Amino acid sequence: MAKQTGRTLFTRDEDQPLAARIRPRDLDEYVGQKHLLGPGKVLRRLIEEDRISSMIFWGPPGVGKTTLARIIANRTQAKFIDFSAVTAGIKEIKQVMEEAEKNRLYGERTILFVDEIHRFNKAQQDAFLPYVEKGSIILIGATTENPSFEVNGALLSRCKVFVLQALSAEDITELLHNALKDERGFGGLALEIDEEEIGIIASFANGDARTALSTLEMAVLNADTTPEGKTVITKEDIEQCTQKKSLLYDKNGEEHYNIISALHKSMRNSDPDAAVYWLARMLEAGEDPIYVARRVTRFASEDIGLADPKALEIAVAAFEACRLIGMPECTVHLTEAVIYMSMAPKSNSMYMAYEAAKKDALETIAEPVPMNIRNAPTKLMKEQGYGAGYKYAHNFKDKLTDMQCLPDNLVGREYYRPSEDGYEAKYKARLEEIKKWKETHKGQ
């Protein structure tokens, strides 16, 4: 099982995708991640000195996580086992672990590489733990998801997490040039491609080496060949291969929460341009518009509230439009709502009022409802004093009374503290009038 490659006697190099054919074989060929693999950096030293400990590579797709594991496999004196989180079950895990334990007793190290480790459930991850603890295996995991959420805490605490970053446009350009020169790539072909076209591919790839190389390969395969045998890649060839950009967005993963957070905070910061951009990022990546509409509706009360009560009406109307019409027509309704939320005056008074009341509701003694504001639908309840002393506001001249509505231990608490923004300034003035009236008429 050591150093498995998935190749057979019948596998031909030319049948493999370009990204697989020119995968870097050592650190000198590796592009990117200079913060980890530059001269003297910690991960480079660990690999070069064959002193690997359990670690997790966390980063977006196509940045070199699996490639790093292959480089380690080529350099290490340990037995290297390549494991797939997609196909392996607990039975297979235990078989490998038992073999690794036997190897440890004979003084041989075992490095276990688990691609997409976030796909393992808790039971599968737990199966690794005792063997990592006693040193039977050195675990290397690769994941696109935040390991804080996807990897068991006990296992994560025994692994060093290395964060791999999306490749820069310069990194991608270097990779493309390498593919054009490398004999394993297109070095043996007479190719003609301008720097402008290479730049378009690098920009389209959005930091993903695999996407860049796949796009280049598609462009080469679809390009015209001159009578002299030269393959000429034009801007039109590139544009045909890059019509639809694959956006980095996992509806169940961390990027989902990152982008909805970006939308919320852009609206809160009164930045309509940024808000519409993040809205488009979500919708064009396939997000459910109903989910976005729910979050916008929440925002209307949490961050605007009575500073502009119309915000909630617009948010609910957009929600209904999304529900009735759907994509792609409802994009314009959500855009209207998002821009309105961005431009509206802001107040978090509703949110703060509820949070303060919630704290008291959870942490103070749950006193009974005051008798005067209890309902008394039966004769027995009236005889018990339910509703006694209740003052019906509409029967009073100012439609106000000094009646106590809070429990005794919370009398005087103030949860709603209106701001002076937008319409809420009027509500603040009205609340001050009410409080002044109640103070004046107290006990009357």
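The values are calculated or read from the model by the stated rules, or taken from the named source; none is laboratory data. Here the structure is a predicted model, which is why all the values come from computation and not from measurement. Because the Cβ atoms are built from the backbone with ideal geometry, glycine has one as well, and the counts that use them run over all protein chains shown. Surface areas here come from the heavy atoms of the whole protein model, side chains and all, with no ligands, DNA or RNA. Shrake-Rupley method; radii C 1.70, N 1.55, O 1.52, S 1.80 Å.
Overview of results
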item: For the chain, built as a Gaussian network whose Cα springs stay under 10 Å, the top-fluctuating residue of Leu213, Leu189, Leu279; result: Leu189
item: Lysine pairs with alpha-carbon atoms under 29 Å apart, segment 242-399, spacing 8 or more or separate chains; result: 23
item: Cα lying deepest toward the dipole's positive end in the chain, options Gly385, Ala307, Pro407, charges on Cβ; result: Gly385
item: Cα→Cβ-extended label distance, 7 Å offset, between Met343 and Trp437, nm; result: 3.6 nm
item: On Cα atoms only, tilt of 254-268 relative to the major axis of the chain in degrees; result: 40 degrees
item: Length released on extending from Cys405 to Glu420, taking residue separation times 0.36 nm less the Cα-Cα span; result: 2.8 nm
item: Calculated FRET efficiency for the pair Asp26/Glu133, C-beta based, R₀ 22 Å, to 0.05; result: 0.10
item: Per-peptide average of other Cβ atoms within 10 Å, ordering 435-441, 267-273 highest first; result: 267-273, 435-441
item: Solvent-accessible area, 1.4 Å probe, carbon plus sulfur percent, for segment 78-164; result: 49 percent
item: Antiparallel content of DSSP bridges confined to the chain, in %, to 5; result: 10 percent
item: Förster radius 56 Å - calculated FRET efficiency between Tyr291 and Glu108, Cβ distance, rounded to 0.05; result: 0.65
item: Sites Glu174 and Glu236 - FRET efficiency at Förster radius 22 Å, r taken between beta-carbons, to 0.05; result: 0.30
item: Area of Met327 that stays accessible when all protein chains are in place (1.4 Å probe, Å², to 10); result: 80 Å²
item: Shape of segment 25-64, Cα gyration tensor, a/c cut at 1.5; result: oblate
item: Solvent-accessible area per residue for the chain (1.4 angstrom probe, square angstrom); result: 56 Å²
item: The chain, helix-only ellipticity at 222 nm - DSSP H runs n ≥ 4, -39,500 (n - 2.57), divided by all residues, nearest 500; result: -14500 deg cm²/dmol
item: Cα-centred dipole magnitude for the chain, charges only on beta-carbon of K, R (+1) and D, E (-1), debye, nearest 20; result: 2260 debye
item: Eligible aspartates and glutamates near Lys436 by straight Cα distance, threshold 19 Å, same-chain separation 8 or greater; result: Asp398, Asp402, Glu414, Glu420, Glu424
item: For segment 28-123, size of Cβ-based charge dipole, Lys and Arg +1, Asp and Glu -1, in debye; result: 260 debye
item: Three-way shape call for segment 367-407 based on the alpha-carbon gyration tensor, with the a/c threshold at 1.5; result: oblate
item: Pair Tyr257, Leu221: separation of 7 Å Cα→Cβ label points (nm); result: 3.8 nm
item: Tyr351 versus Glu48: modelled label distance in nm, points set 7 Å from Cα along the beta carbon direction; result: 4.9 nm
item: Folded to 0 to 90 degrees: helix 289-299 orientation relative to the chain principal axis, Cα; result: 50 degrees
item: Isolated Cys residues of the chain, judged by Cβ distance under 4.7 Å to other cysteines; result: Cys159, Cys241, Cys405
item: Helix 209-222 vs. the chain, principal-axis angle (Cα, 0 to 90°, nearest 10); result: 60 degrees
item: Given charges at Cβ of Lys, Arg, Asp, Glu: the chain dipole, positive-most of Ser347, Phe162, Gly141; result: Ser347
